[in-house]
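A.B. asks: Can you keep this structure in mind? I'll have questions shortly.
The values are calculated or read from the model by the stated rules, or taken from the named source; none is laboratory data. What you see is a predicted model; the values in this text were computed from it and never measured. Please note: Cβ atoms are built from the backbone with ideal geometry, for glycine as well, and neighbour counts cover all protein chains shown.
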């Protein structure tokens, strides 16, 4: 089974027009997301694996699954670099409850 990912619950999220803003209450950092990043972030508010997210993303934007998977992986790497994801083990525990 593929690793499940999830956005940290410490993010306070708000939307304005086509953009999404997230305040990380742990670090105090504010993050701004464009339409693509917003969609991918919203997919990972619940634990899900890359393939599940890519399938939903491909449907939403009417793009090939391979392109969606590449986009999801790119965004997950950026989320990880900005410490926006739960650790893998914690996301897996949340998925099983």
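A.B. asks: Taking the conditions exactly as written (surrounded by 13 or more Cβ atoms within 10 Å (Cβ to Cβ), modelled with pLDDT of 95 or more, in a helix (DSSP H, G or I) and touching a strand residue (DSSP E or B) at 6+ places or on another chain (Cβ under 9 Å)), does residue 76 satisfy them or not?
C.D. replies: Spelling it out, residue 76 is indeed surrounded by 13 or more Cβ atoms within 10 Å (Cβ to Cβ), modelled with pLDDT of 95 or more, in a helix (DSSP H, G or I) and touching a strand residue (DSSP E or B) at 6+ places or on another chain (Cβ under 9 Å).
A.B. asks: Does residue 69 satisfy the condition of being in contact with a strand residue (DSSP E or B) (Cβ under 8 Å, 6 or more places away or on another chain), at pLDDT 95 or above and surrounded by 13 or more Cβ atoms within 10 Å (Cβ to Cβ)? Can you show your working first?
C.D. replies: Working: in contact with a strand residue (DSSP E or B) (Cβ under 8 Å, 6 or more places away or on another chain): no; at pLDDT 95 or above: yes; surrounded by 13 or more Cβ atoms within 10 Å (Cβ to Cβ): yes.
No, not satisfied.
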